[in-house]
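I have placed the structure first, in the form of structure tokens, so that the comments after it can refer back to it.
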Amino acid sequence: KGQTLLILEAMKMENEIMSPTDSVVAGIHVNKGDMVNVGDPLVSLQ
């Protein structure tokens, strides 16, 4: 919980996306440099 899962760049600002729970990353659904939209799954937690 509270660990950085990924860094999302938006409008030239970097935003750290933190884990909301104690969990393990089960899958990564994006690659570095991918364009994403609101609601796109980025990672799966288990």
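Readers should treat all values here as calculations from the given coordinates under stated rules, not as data from a laboratory. On a predicted model such as this, the values are computed, not experimentally measured, just so you know. Note that we place each Cβ from the backbone using ideal geometry, even for glycine, and neighbour counts take in every protein chain shown.
Data overview
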item	result
Sequence of Val43, Val38 once ranked by neighbouring C-beta atoms within 10 Å, starting from the fewest	Val38, Val43
Chain lengthening between Asp34 and Met18 when straightened (0.36 nm per residue, less Cα-Cα)	3.9 nm
Footprinting exposure proxy for Leu5, Leu45 (fewest neighbouring C-beta atoms within 10 Å first)	Leu45, Leu5
Label corresponding to Kirkwood radius over Cα pairs in Å when calculated from the structure given, among [x] 13.8; [y] 11.4; [z] 10.4	[y]
Table column - 3J(HN,Hα) (Hz), segment 32-45, Karplus curve with 6.51, -1.76, 1.60, x for Gly and Pro	4, x, 5, 8, 10, 10, 4, x, 5, x, 9, 9, 10, 10
